[in-house]
Amino acid sequence: MVGLAGAAGTALAQQPPGAASASAATPASGNLPPAVPEWTGKPGAPTGGKLYGVPSLYEKDVVRHLRSTDKQYFSSSTRTPLQELDGIITPNGLFYERHHGGVPEIDPAQHRLMVHGLVERPLVFTMEALRRFPSESHIYFLECSGNPSYTAYGKTAAEANGLVSCAEWTGVPLKTVLEEAGLKKDAKWIIAEGADAAAMNRSIPIEKCLDDAMLVYSQNGERLRPEQGYPVRLLLPGYEGNMSIKWLRRLHVVAEPAYTREETSKYTDLMPDGKARKFSFYMEAKSIITAPSGMQRLPGPGFCEIRGIAWSGHGKITRVDVSVDNGQTWQEARLQDPVLTRAITRFRLPWRWDGSPAVIMSRATDETGYVQPALEDLLAVRGPNYFYHNNAMTPWRIAESGEVTNARL
């Protein structure tokens, strides 16, 4: 057992790369030990009162990223800065966005949710009426099916896979509302429609609607942000994100799917023979290393904890393997608790970089036994015309200089 003083002495004598020493201090060394820092000698800022809390000024660059190819912002997306985050919960201000007709400004007092079609009792709900139902809270990830395409690999973790986020959602099980309306025996699908300018709509199998689907009005303890569907959105855990219709205004219970634009022209998977996979709803097991990752830099050889996230629309992540030699060998990483179904899971692997070039990547396995594939394996099956549902491994190249880049660029 090393005492506190001994441990501190060892830490100073064997500092990890990047740790600052007194001799290497910046010009602001007057704030470093043993000096008393200047901010200790005066009162800090007063309590914010009624203002909404904001991050430190020193974290001003931790923001969502607009995709660089966009020329307009009504049908667009912003990406979560995965490489800057810890834990499994994405802060509301950093949760990724995807819109098809801009973000509507909706007065909740004037918003209504209509349930009609193959039901015994067509109903129209106010937000107050919805909130009177028994509520539940669950932690689930949400991911865009175009995260990423097969040609846009991205320089950073955000650019490569930033259209995924995870939150605690609070709302009413959709099953509860459907039971209130009373489903007729030939009810097989529900057409969900949003109140945005695109009138975004998708066909949802009734089995999913009666399973874990939710009508959510809160995210991470506060009401939904406008860009996340305020005042109410549909949430379909494990399904591609565009199906979790935001600004939800209508649930039309029907016997057949609608085959809308968003499930024929868009959000279908074109195969080599010219046919498209129909209704490929689920997001398959996936992972990405977030540190070290693209546009970061290792300050020198030595210890480096490899960190990342994994998730699966089919349930829990059971294992993540990490390779530091471009997939030649693999080591099992440690999963961080809690490991939840259809939620982001953190993983870690201790590693000592010897300073030579390396390619690192991660590979997730979920509770169904499915193993995250390499990009080459996906393309061999799906062909060059495929666009959505790219869950391939992301390789990062580490140069002798310590600079990290996407190995596919």
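The values are calculated or read from the model by the stated rules, or taken from the named source; none is laboratory data. These numbers come from a predicted model, not from an experiment. Methodologically, a virtual Cβ is constructed for each residue, glycine included, from the backbone with ideal geometry; neighbour enumeration extends over all protein chains shown. Only protein heavy atoms, including side chains, enter the accessible area calculation; ligands, DNA and RNA are left aside. Shrake-Rupley method; radii C 1.70, N 1.55, O 1.52, S 1.80 Å.
What spacing in nm lies between the two simple spin-label points modelled at GLU256 and GLN336, each 7 Å away from Cα in the Cβ direction?
4.9 nm
Once amide H atoms are placed 1.01 Å from N in the peptide plane, what residues at a sequence separation of 5 or more from GLY355, or on another chain, have their amide H within under 5 Å of its amide H?
GLY302
I need the phi-derived Karplus couplings for the range 266-273: 6.51 cos²θ - 1.76 cosθ + 1.60, θ = phi - 60°, integer Hz, Gly and Pro marked x.
Once rounded to whole Hz, the list reads 10, 6, 10, 10, 7, 9, x, 7.
Give me the 1.4 Å probe accessible area per residue for the chain, excluding ligands and nucleic acids, in Å².
50 Å²
What number, rounded to the nearest 500 deg cm²/dmol, is the helix-based mean residue ellipticity at 222 nm of the chain, given -39500 (n - 2.57) per DSSP H run of at least four residues and division by all its residues?
It comes out at -2500 deg cm²/dmol, rounded to the nearest 500.
Cross-link list LYS184/LYS208; LYS266/LYS316; LYS175/LYS208; LYS185/LYS208; LYS208/LYS286; LYS208/LYS246: which exceed 19 angstrom alpha carbon to alpha carbon?
Check vs 19 Å cut-off fails for LYS266/LYS316; LYS208/LYS286.
Dividing the alpha-carbon Rg of the range 286-406 by 2.2 N^0.38 Å yields what?
So the Cα radius of gyration is 1.07 times the expected 2.2 N^0.38 Å.
Can you check what the net charge comes to around MET271, using other residues whose Cβ is under 10 Å from the Cβ of MET271 (Lys, Arg +1; Asp, Glu -1)?
Residues close to MET271 contribute a combined charge of +1.
Which value, in nm² and rounded to one decimal, describes the direction-averaged projected area of the C-alpha convex hull of the range 124-233?
8.7 nm²
Work out how much length ARG131 to VAL381 would gain on full extension: take 0.36 nm times their residue separation and subtract the Cα-Cα distance, in nm to one decimal.
My answer for the length gained is 85.4 nm.
Comparing GLY308, GLY300, GLY49, which has the greatest mean-square fluctuation in the GNM of the chain with Cα pairs linked when under 10 Å apart?
GLY49
Please work out how much length the chain gains when fully extended from ASP273 to LYS42, using 0.36 nm per residue of separation minus the C-alpha to C-alpha distance, in nm with one decimal.
Working it through step by step, the gained length comes to 76.1 nm.
In the range 97-122, whose amide N lies under 18 Å from the spot 7 Å out along Cα-to-Cβ of LYS188? List them in ranges.
Label zone hits: 117-119.
What translational diffusion coefficient, to the nearest whole µm²/s, does the range 40-174 have by Stokes-Einstein, given a Kirkwood radius computed over alpha-carbon pairs, a temperature of 20 °C and 1.002 mPa s viscosity?
My calculation gives 116 µm²/s for D.
Could you point to the label whose value was computed as Cα extents along the principal axes in Å for the structure here, given (1) 97, 52, 43; (2) 76, 59, 47; (3) 58, 53, 45?
(2)
Measuring from label point to label point, each 7 Å out along Cα→Cβ, what is the ASP325 to SER401 span in nm?
It works out to 2.7 nm between the two label points.
Among 245-253, 352-360, how do they line up from the highest to the lowest mean number of other beta-carbon atoms within 10 Å?
Packing order, densest peptide first, comes out as 245-253, 352-360.
Can you give the FRET efficiency for ALA199 and GLU120, using 1/(1 + (r/R0)^6), R0 = 25 Å, r = Cβ-Cβ distance, to the nearest 0.05?
Efficiency, from the Cβ-Cβ distance: 0.40.
Tell me, what is the FRET efficiency for SER356 and GLU168 to the nearest 0.05, using R0 = 30 angstrom and their Cβ-Cβ distance as r?
Computed FRET efficiency for SER356 and GLU168 comes out at 0.10.
Given a Förster distance of 30 angstrom, what is the FRET efficiency for GLU105 paired with ARG408, based on the Cβ-Cβ distance and rounded to 0.05?
Approximately 0.15, to the nearest 0.05.
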